[in-house]
Amino acid sequence: MLETIWKKIRRIPPVLFIVLGIILTAAILRIKLYGDPSLSIANNDTISYVTASRVPLFSSEILTGRRLLTTNLIYKALVPDKFEITANGSLSTSRRMVQPGFEGVVQFQLIMSIIGWGFLALTVAQFLKNPLMKVLGSTLVLLFAFTPHMADWDSILMSESPTFSLFALHFALLIRLVFALYRDPDANAGWLLAAWAVVFFLWMFLRDTNLVAALVTLGVFAALLIFRQYRRNKYLLGVLVFLLAVFLLGLITSSQSVRSHVQLVNIYNDDLLRYPARVDTLMELGMPDPETPEYSAWFKEHATSTLVKFMVSHPGYPIHKILKDFPVAFARIQQTYFKAPELNPAREWLMHLGDALHPENTTPFLMSLTLLVGILYITAGNRPGATPWSWLGIWLFLTATITMIPTILGDTWALNRHALFSTMSFRLGMWLFTVVMMDLAIGKDVPETVPASKNPT
């Protein structure tokens, strides 16, 4: 047995040991340079995560409450009955503290961040071809994730940190799954699919807008059925059934949730009802006068459907809102909940590095789109290995873009924070697919061939 293990180790490319060393070094620095891993900061929403997690595990409230399933599970498992919020962040910011009862949550967030982004860095290195690009790609992923613009969120008791780390983990598993199916359409990838499905499920039930990501993923996987060789893969059909089921579950529970009601109230009060012309249009669609007692009863039953009718009949409203707020979503992405001057000078250097990797403008969107067009062009030229990367590029770009739309339309405050997943995805894609393009350019210009038995035509 030891001999078999040794043979497998000897087959590992030496450059991957360098990558593993980089990941280990980055993990150690991530822990050392950010202070005590037990330090945390709360905000006004933190108590709602604890309260929402207190409902019975096997109940409808665990899915339809103020917070979503995954954070409910995290806080139910890691926050004891006795807890105390002693450090509440604000726009003026304050220091992190060890808050009784929350040590487990903040340490879990740190561990998941290291695991998720470390695994993504290793996966990227494994599926790039050139040794230099393997090192560069993995290093960029780790720098991207472990600079304060991302890493600071691991200390904040909200849903952003698990959103980022579970995304990194599921994206890494998705890369492995896509390459496995690309290399062998009949691949037995059951264990890989199972791992990806579990992580994707947990990630999806962190934010309501992740529902859109499930729909995008369903669409791009369904597109594979155009090719005959993929129609025979029972695992692919299982993925489609899983994604449809998860999307429907999320849609039903989201529509019945308390958080959807709160969001609707904010949209009406902070946006629509402030403009007399919009109020007149909504009243034409059946809304009673907001100052009358009938308004509350109407709101519970018809607010959602009326909002949809309003947007469909007056498309200028959603288009104007998207165009107006899209650039705003990319600005001021650094957390404003705590300061850590005791960590200088290393923190100052990390901030400068983070500013370079996380530009606060729409450049990442334009760069991601440009790189995607470039990879699709290379794929059309049958460059070896380009096809799976183009599929992944389409998935990442569409996921980031389409999740941004409901975030903007449904947000009347804290847009920068609520859009972080989308803007983070554009920034990650900007760096990741730059390295992918370089790797494809360095590779030999040999046409890609498909075995005759698996030819889609």
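The values are calculated or read from the model by the stated rules, or taken from the named source; none is laboratory data. The structure displayed is predicted, hence computed values, not measured ones. In this analysis, Cβ positions are derived from the backbone assuming ideal geometry, glycine residues included, and neighbour counts consider all displayed protein chains.
Could you check Ala187 against (1) among the hydrophobic types (A, V, I, L, M, F, W, C); (2) surrounded by fewer than 20 Cβ atoms within 10 Å (Cβ to Cβ); (3) in a helix (DSSP H, G or I) and say which number it fails?
Against the list (1) among the hydrophobic types (A, V, I, L, M, F, W, C); (2) surrounded by fewer than 20 Cβ atoms within 10 Å (Cβ to Cβ); (3) in a helix (DSSP H, G or I), Ala187 comes up short only on (3).
Name the pairs: first residue in the stretch 256-279 and under 19 Å from Asn72 (Cα atoms), second residue part of a helix (DSSP H, G or I) and among the basic types (Lys, Arg), Cβ to Cβ under 8 Å, at least 6 apart or on different chains?
Going by the 8 Å Cβ cut-off, the qualifying pairs are His261/Lys300.
Keeping to the stretch 14-30, report how many residues are more than 19 Å from Asp152 (Cα to Cα) and without any contact (Cβ under 8 Å) to a residue 60 or more places away in the chain.
4
Which one of these is under 18 Å from Ile62 (Cα atoms) and either polar (S, T, N, Q) or touching a strand residue (DSSP E or B) at 6+ places or on another chain (Cβ under 7 Å) (or both): Ser155, Ser255, Ser165?
Among Ser155, Ser255, Ser165, only Ser255 is under 18 Å from Ile62 (Cα atoms) and either polar (S, T, N, Q) or touching a strand residue (DSSP E or B) at 6+ places or on another chain (Cβ under 7 Å) (or both).
Quick test for you: out of Gln263, Gln256, pick the one residue that is under 24 Å from the mean Cα position of the chain (by Cα), of a type outside the set (A, V, I, L, M), at pLDDT below 90 and within 30 Å of Leu193 (Cα to Cα).
Gln256
Quick check, is Ile22 farther than 29 Å from Gln335 by Cβ and in a helix (DSSP H, G or I)?
For Ile22, the condition - farther than 29 Å from Gln335 by Cβ and in a helix (DSSP H, G or I) - is not met.
Which numbered condition trips up Asn233, out of (1) at pLDDT below 90; (2) crowded, with 18+ Cβ neighbours inside 10 Å; (3) under 27 Å from Glu160 (Cβ atoms)?
If we test Asn233 against (1) at pLDDT below 90; (2) crowded, with 18+ Cβ neighbours inside 10 Å; (3) under 27 Å from Glu160 (Cβ atoms), just (3) comes out false.
Conditions first: (1) under 22 Å from the mean Cα position of the chain (by Cα); (2) not in a loop (DSSP other than H, G, I, E, B). Ile378 passes all but one, so which condition is the exception?
Looking at each condition in turn, Ile378 falls short on (1).
Residues of the stretch 218-236 being aromatic (Phe, Trp, Tyr) and not in a helix (DSSP H, G or I), which ones?
Within the stretch 218-236, Phe227 is the sole residue that qualifies.
Exactly one of (1) farther than 29 Å from Arg417 by Cα; (2) assigned by TED's automatic domain parsing to the domain that holds Tyr182; (3) among the β-branched types (Val, Ile, Thr) is unmet by Ile252. Its number?
(1)
Consider Arg207 against the criteria (1) over 30 Å from Val55 (Cβ atoms); (2) outside any helix (DSSP H, G or I); (3) of a type in the set (Lys, Arg): it satisfies all of them except one. Which criterion is unmet?
(1)
Got a sec? Which of Glu103, Glu84 is surrounded by fewer than 16 Cβ atoms within 10 Å (Cβ to Cβ), among the acidic types (Asp, Glu) and either closer than 22 Å to Thr163 by Cα or more than 22 Å from the chain's Cα centre (by Cα) (or both)?
Glu84
Confirm whether Ala145 is closer than 19 Å to Thr25 by Cα, buried (at least 22 other Cβ atoms within 10 Å of the Cβ) and free of Cβ contacts under 8 Å to residues at least 40 places away in the same chain.
In short, yes.
Just give me the residues in the stretch 361-394 being touching a residue at least 40 places away in the same chain (Cβ under 8 Å), hydroxyl-bearing (Ser, Thr, Tyr) and under 20 Å from Val124 (Cα atoms), in sequence order.
Hits for the stretch 361-394 are Ser368, Thr387.
Across the stretch 320-371, what is the number of residues that are outside any helix (DSSP H, G or I) and not acidic (Asp, Glu)?
Final tally of qualifying residues: 17.
Taking the stretch 288-298 as the search range and keeping residues that are modelled with pLDDT of 90 or more and under 22 Å from Gln256 (Cβ atoms), which one is nearest to the chain's Cα centre (by Cα)?
The residue in question is Trp298.
Here is a list: Ser94, Ser138, Ser159, Ser90. Which entry is touching a residue at least 24 places away in the same chain (Cβ under 8 Å) and surrounded by 24 or more Cβ atoms within 10 Å (Cβ to Cβ)?
Ser138
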